[in-house]
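Following: one structure in structure tokens, then a few remarks.
Nothing in this text is a laboratory measurement; each read-out follows from the coordinates by a stated rule. All values reported here derive from a predicted model rather than from experimental measurement. Here Cβ is always computed from backbone atoms with ideal geometry, including for glycine, and neighbour counts include all displayed protein chains.
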Amino acid sequence: MITFFSTEHQRHHGVELKDAAIKPSFENPGRADTILQQVRQAALGDIQPGRAHDSALYVGAHSERYVRFLQQAWADWTATGQTHDALPLIWPVRDLRSDLEPATIDGRLGFYSMDAGSPITAGTWAAVSASADLALTGVQTVLDGAPSAFALCRPPGHHAGPEMMGGYCYLNNAAIAAHHARRQGVQRVVVLDVDFHHGNGTQSIFYGRGDVLVVSLHGDPVHCYPYFSGHADETGAGAGQGFNLNLPLPKGTAWLAFRDALGVAAQRVRSFAPELLVVSLGVDTFEHDPISHFRLASADFVRLGEALAGWGLPTLFVMEGGYMVDDIGRNVVNVLQGFEAGA
Ligand code: OKP
Ligand code: ZN
């Protein structure tokens with residue numbers, strides 16, 4: 001399997017608010033570097049850079065004004081004399097006005113985000129655009145006939161919605177790839193999200209559409225981030241009614257229950273008869289992940305890959321979460337090798 005990777009990801013290294021203090025984010029450059037190292041060591045296949053794409057190709061999954069905001073945010077922030085990471089600190093919740101875009105950066109950061117988990121730094125745009133370009137290059141490779149590809153994206157993307165960043169995410173790499181496949185004439189695309197956290201951004205982007213089925217297995221939002229989406233009764237709207245499937249699972253879920261939920265997902269996917277599978281591949285379902293609550297063991301990730309191979313679809317894997325830096329590389333490679341063995 002070919003891996004697409006860019007060193008540009010290293011230009012994004014932000015902070016996180018934790019325990020009433022500012023700390024380096026769990027979402028750090030070491031994550032992608034360790035995954036790359038394991039891909040290399042396992043001789044999974046070629047490792048290639050992505051092709052640069054026009055940011056207009058991010059529009060569709062995102063609004064044009066949001067993409068422009070992301071591209072300009074650091075310049076707007078430093079123009080106010082600030083040089084530390086930019087974080088939003090106010091949001092237009094419920095009865096506040098969310099229909100008017102503020103003119104200044106402090107307001108705009110809140111307008112275009114859902115939490116303070118996505119700091120804007122000097123290198124954020126370079127990293128997130130390079131990451132989206134890997135997903136676009138990867139999906140084109142599969143459309144051109146490769147049975148599968150791996151976009152080693154960082155930062156992740158699945159919390160990023162049409163007009164918001166959050167949860168370490170800025171551009172929704174998987175959604176950008178799925179939307180691009182549709183633009184290239186693929187009729188039906190399924191996005192399967194196996195990250196521990198619900199991919200609220202991917203859900204939002206395709207919620208009103210019947211051409212992209214979104215299926216997600218994740219920690220029940222009653223207890224788990226992102227708390228405000230990911231329930232089973234979120235099934236799509238309008239033309240998208242019935243084309244969003246959430247399978248929330250309890251804290252402590254281990255492989256057997258996860259596998260059963262994957263079986264439910266497989267049935268829905270089969271009846272949809274997609275031409276392409278995009279996997280939002282988070283490995284924060286790992287038993288030792290520092291911020292998540294499932295109990296998959298390293299060997300279970302091989303089973304996950306084998307199960308996905310059984311779906312028999314051209315497949316793009318897009319990297320999402322996974323924070324136990326020492327082990328995530330091995331777990332990612334286990335999924336990809338399981339997939340190749342099962343194909
Ligand atoms: C991104 B991805 C909980 C803090 C949660 C954000 C988690 C974002 C996960 N104590 N912080 O889905 O892996
Ligand atoms: Zn996650």
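Applying the criteria of a DSSP loop state and at most 13 other Cβ atoms within 10 Å to the trypsin sites (Lys or Arg not before Pro) of region 1-82 yields 51. The value given for region 1-60 is a Kirkwood hydrodynamic radius of 14.0 Å, derived from the mean inverse Cα-Cα separation. The angle separating the long axis of helix 255-272 from the principal Cα axis of greatest extent in the chain is about 90 degrees.
For 23, 251, which order do you get if you count the other beta carbons within 10 Å of each Cβ and list the fewest first?
Taking fewest neighbouring Cβ atoms as first place, the list is 23, 251.
Using the Cβ-Cβ distance between residue 71 and residue 48 with R0 set to 35 Å, the FRET efficiency works out to roughly 0.90. In the chain, the longest principal axis of the Cα atoms and the axis of helix 29-41 are about 20 degrees apart.
Could you tell me what % of all Cα pairs in the chain have separations over 34 Å? Taking all Cα-Cα pairs of the chain, the fraction more than 34 Å apart is 16 percent. Over region 283-325, what is the relative contact order in percent, taking alpha-carbon pairs closer than 8 angstrom and at least six residues apart? Here the relative contact order equals 49 percent. Out of 57, 217, 256, any idea which swings most in a Gaussian network model of the chain, alpha carbons joined below 10 Å? It is 256. Ranked by the mean number of other Cβ atoms within 10 Å of their residues, highest first, the peptides 178-184, 336-342 come out as 178-184, 336-342. Close amide H contacts of residue 218 (hydrogens built in the peptide plane, cut-off under 5 Å, sequence separation of 5 or more or a different chain): 247, 249.
With Cα atoms defining each centre, region 252-315 and region 1-79 are spaced 23 Å apart in the structure.
Relative to the Cα centre, the charge distribution of region 1-149, modelled as +1 at Lys and Arg Cβ and -1 at Asp and Glu Cβ, gives a dipole magnitude of about 120 debye.
Between 0 and 90 degrees, the angle of helix 64-78 with respect to the longest Cα principal axis of the chain falls at about 50 degrees.
Neighbour counts of other Cβ atoms within 10 Å put 62, 13 in the fewest-to-most order 13, 62.
Annotation: extensible slack from residue 228 through residue 273 equals 13.2 nm (criterion: 0.36 nm per residue apart, minus Cα-Cα distance).
Sequence-ordered 3J(HN,Hα) estimates for region 186-199 from the Karplus curve with 6.51, -1.76 and 1.60 and θ = phi - 60° stand at 5, 6, 10, 10, 10, 9, 9, 10, 10, 5, 4, 8, 4, x Hz, glycine and proline given as x.
Working from Cα pairs under 8 Å separated by at least six residues, relative contact order for the chain is 18 percent.
Which percent of Cα-Cα pairs in region 85-225 sits in each 10 Å bin, short to long? Histogram of Cα-Cα distances, whole percents per bin: 12, 37, 34, 15, 2.
Under a Cβ-Cβ cut-off of 10 Å, what is the net charge of the residues other than residue 259 that fall near it, where Lys and Arg count +1 and Asp and Glu count -1? Show your work: numbers first, answer last.
Values: positive: 303; negative: 260, 300.
With Lys, Arg at +1 and Asp, Glu at -1, the net is -1.
Label sites at residue 104 and residue 259, each approximated as a point 7 angstrom past Cα along Cα to Cβ, lie 5.8 nm apart. Counted over region 27-89 with a bin width of 10 Å, the fraction of Cα pairs per bin, in whole percents, is 16, 25, 34, 21, 4. Taking 7 Å steps out from each Cα toward its Cβ at residue 183 and residue 94 produces label points 3.9 nm apart.
The label point for residue 239 and the one for residue 37, both projected 7 Å from the Cα toward the Cβ, are 4.7 nm apart.
After finding the eigenvalues of the alpha carbon gyration tensor for region 6-161, what semi-axes result from the square roots of 5 times each, listed largest first in whole Å? Write down the numbers at each step before the final one.
Working: eigenvalues 184, 74, 36 Å².
Whole-Å semi-axes of the equivalent ellipsoid: 30, 19, 13.
Projecting the Cα positions of 201, 219, 140 onto the charge dipole of region 140-222 (unit charges on Cβ atoms of Lys, Arg, Asp and Glu, taken about the Cα centre) puts 140 furthest along the positive direction.
Considering Cα pairs under 8 angstrom that are at least six residues apart, work out the relative contact order of region 1-150 and quote it in whole percent. Mind showing how you got there, number by number?
Numbers: 178 pairs, mean separation 57.2, N = 150.
Over region 1-150, the number comes to 38 percent.
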